[in-house]
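Here's the structure, in structure tokens; my notes come after.
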Amino acid sequence: MLNQKVKILIVEDDPDMAELICDLVEAEGWIPVTAPSAEAAQERLQHETVQLVLVDHNLPGLSGRAFAQRLRAQTDVGIVMVTAAGSATDRVLGLETAADDYVVKPFEPIELTARIKAVLRRTHPQLRHDREGDRDHTSAALRLGEWAVDLAQRRAVCFADPTKTLTAAEFALLEILAETPNTPVSRAQILDRMGTDSDRFVDRNVDVLVLRLRRKIERNPDLPRHIQTRRGKGYVLHTDDAGSSP
């Protein structure tokens, strides 16, 4: 489904686990690049162009979460975090990490490869062989300023800058809001739909995620047209098709 010129950086300090993931990556025809720490990964990225980063949550030195945050601030490369921590709290914190997906150890090989493929499809649609119907999908998509969002195909395209992409968490938020356009969705509802159940991080994490999405979607994030706040009620999505006010 995806072409075989995909390079994946594996940031893992356990040699056995790194070897296992390398074998899985090579079995799919992708090219693995390894680094035993976040610091080593940063060095590799200065000389390597990769399409996705697999990073362990617990690393010596700089943590995988901190590394993912730094990486997201610099690039839209796909990020999948591999972690032994699978609690609701850790999944909520993943919203701030800006990872595209989480895989919890121990994982099934088929699960890891499926999640990698899903992130690659979303972050690098040009890697797909089945390009037919792109024009039709785009014309049927939701319009948000310079963006077209196709919920059925799980694709978001920025016409002004096709290199821009949405992370899995950002797309999931947009998908939730798009189910009921012009109707507020509460922070608690958003986290519940995203598979989290910790009230402790509700306000902080959803607001951070909304801010990230606004910075990509809105012409002026400080005066949002499409993703608006309803005090005491949550967030509401206005699409161009829905006749949002200018």
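Mind listing which GluC sites (Glu not before Pro) in the range 32-89 are in a DSSP loop and have 12 or fewer other Cβ atoms within 10 Å? Intermediate values should be presented prior to the final figure.
Details: sites: Glu39, Glu43, Glu48; in loops: Glu48.
The qualifying sites: there are none.
By the rule of a C-alpha distance below 18 Å, with chain neighbours fewer than 8 residues away ignored, the lysines paired with Lys216 are Lys164. For the pair Lys105 and Gln46, a Förster radius of 35 Å applied to the C-beta separation gives a FRET efficiency near 0.75, rounded to the nearest 0.05.
Each label point was placed 7 Å from the Cα along the Cα-to-Cβ direction; for Ala84 and Glu26 their separation is 2.6 nm. Measuring r between the beta carbons of Asn182 and Ala73 and using R0 = 41 Å, the FRET efficiency lands at 0.80.
Readers should treat all values here as calculations from the given coordinates under stated rules, not as data from a laboratory. Since the model is a prediction, treat every value here as computed from it, not as a measurement. Here Cβ is always computed from backbone atoms with ideal geometry, including for glycine, and neighbour counts include all displayed protein chains.
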